[in-house]
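Scroll down for the structure; my scribbles are underneath it.
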Amino acid sequence: MLTINGRLDKYMDTINNISSDVQELARFADDLMKRDKDADKAIEDFLVKMSSFFDVDVIVIKEKSENGAVIKCTYEWSRKSFLQLQGLERRFLEKVWDEWEERYRKGGGVYKYYRGEVCPIILIHYRETESLIQIPVYNGKELVACVDFVDSVRRREWTDDEVSAMKYICSYIYKEMFLKRTPRRDQEALKQKLDRDMLTKLPKRDRFLKKVNGSIVKDDGSKYAIISSDIANFKYINEKYGYNTGDLLLRKLAGTIYLKINGIISCCREYSDIFLLAVRVPLEYGNDEVKAMVDNCNNAFLEDIRSITEDTNIAINSGFAFVGDHDITVEEAITGATAARKTAKEMALFNMSRCCAYEPSMIANKARTIELIASCDRALEKNEFMVYLQPKVLCRSYVIVGAEALIRWRKPDGSFVYPDEFIPAFESNGCVRKTDYFVYESVFKYLKERIDKGLFCVPISMNVSRIHLFNNRFVEFIGELLDKYRIPTNLIEFELTESICLEGLPSVAYTVQWLRQKNIKISIDDFGSGYSSLEVLTRLPINVLKLDKVFMKDFLNDKEKIIISSVVEMARLLGLEVICEGVEEDIQRIFLLESSCEMLQGYVFSKPETMEDFSKKLEREYRDSQMRALV
């Protein structure tokens, strides 16, 4: 048996019948290591020799990171330079590695792939090649690397002798060449720690930008998208489950991104729970295709963590922008994707999609949002906000039985800022808490003044923004108002949107229970707007079901009428009051009456009006009712 400086004999003993050609190849590797002080250079030169020896077009060496979460293409030789994989990193969940090692066991210690077969995600960049054999490399029992031998034009039936030779040479590379890189790799490991987020092991933002900009400059026509994602209410998740669970969710999201999204150039955790990723997508991809890709990834993550957060509905907000669209750069695309993500977060408040494509108007909208938020405190100080009341009436007689309090913003010049513009802006940063408290106190004060004057009163409902449900300040404030104004609690009602109730926040149940203990009515607003769930009707002690205005359109077909009638009947059997909002035509009122819906709210009777005008209407009705009683 030949030896090379006494080293090869320990490898020859492990594999029988090693040919003299293979021994000569090993001798060549040993000579390279003697000649080159740079072990990396020696390995790269050896790949050229190996490609000729095994008659292949491509050889790629992939190594696992120390924590096993990342595989990186560390060396590559390609006859036609068509792959350019060196430096490419992919992140995989631990179960993927377990599955991959099972493939090796089933394949006799190697893995073979041929064109037309289902291509595993770890080999996705080879799917157009004809033949591939992958040789695993072990350090003891631990899988540390693998070597891909690719024939891009022929279907190769690799012989046992070839496979044995490949195993032998790959083992030699690791044990006699890789170990020489230790000093330089220690320096690289330190640099990796400085360049990477310690929690997720993802690149930091600067490295992400460098990688993305470099990849796009080199490319010759692919399409690129920047995606920004965050975990909704992540602060609440940390507070409820603890920071260890929060960290676990961040690591799982990072892993799911790499597992479920193809064409990733790079991904980073920008800060907190916000992730950025750059992907290369086919030229024909538009908003719908990218949205479907992102939704698929987000849904896979949510399914994966269901057992961890089973009593809380977690959600992902995402936005994306195409590099080059509207002539935007990578940095501008990040800004656009961030704006789209924030828009998705605001849209979710109205039961809409949590994934949005960037539009140039979003930046202008963001500037408008900042302007509105900056004006909130001044507008409160100068009494620019007003509370309007919209009557709730009986379908049969138009008798006023209640009202809903709605905020309006009238500027000094007499113009109005519409609620659908300023309320989402205020919800985005917490200003809505101040305006809601203004509405609540205005209603309590209004009712107190009428009671003190001996005037007729009807219950008034007020909306509860979701921000109030993340701490106990809301119930504390209502308690303070009850102590201050001493009004009967049967004159107070609070409306929670159905989507808030479905989030499963423990504070929702606590808030509802506290209000019911005070004999304050609870209504579910916007029922049927897209998040309908019978669970809400049975889980929470609500009093009123408020049908969304989506039910009230110009023409209702027979099926839609059956649905509405069934919902009304179901609510009646559950002992709930039912009111339908958005009623604008008398024909709609008649249908509701036929369906046994007793109350309505809408322009068919009255638009929202000032407290003064509502009071006049209420007093006229009271006088009319007194006259009817005398007759």
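The values are calculated or read from the model by the stated rules, or taken from the named source; none is laboratory data. Note that the coordinates shown come from a computational prediction; the quantities given were computed from them, not determined experimentally. So basically every Cβ, Gly included, is an ideal-geometry build from the backbone, and we count neighbours across all protein chains shown. Each accessible area value is taken on the protein alone, full model and side chains, heavy atoms only, with ligands, DNA and RNA left out. Shrake-Rupley method; radii C 1.70, N 1.55, O 1.52, S 1.80 Å.
Worth pointing out:
- Accessible-area composition of region 201-269, carbon plus sulfur, in percent [1.4 Å probe]: 47
- If the chain linking Glu117 and Arg280 were pulled fully straight, counting 0.36 nm for each residue of separation and taking away their Cα-Cα distance, it would gain 56.4 nm.
- Simple label model, 7 Å out from Cα along Cβ direction - Glu128 to Ser397, nm: 7.8
- Remark: the Ala374-Phe456 segment gains 25.6 nm on full extension, using 0.36 nm per residue and subtracting the alpha carbon distance.
- The Kirkwood hydrodynamic radius of region 572-618, based on inverse pair distances between different Cα atoms, is 11.9 Å.
- Note that region 306-423 presents 48 Å² accessible area per residue, ligands and nucleic acids not counted, probe 1.4 Å.
- Classification of region 538-598 by its C-alpha gyration tensor yields a prolate form. The axis ratio a/c (a ≥ b ≥ c) is 1.5 or more, and a/b outweighs b/c.
- In this structure, Gln513 and Asp558 have a Cβ-Cβ separation that, at R0 = 45 Å, corresponds to a calculated FRET efficiency of about 0.65.
- Inter-probe distance in nm under a simple model that places probes 7 Å from Cα toward Cβ, at Leu573 and Asp483: 4.5
- Placing dummy labels 7 Å off each Cα toward the beta-carbon, the span from Leu406 to Arg35 is 8.4 nm.
- Linear extension gain, Ser415 paired with Ser272, 0.36 nm per residue minus alpha-carbon span: 47.5 nm
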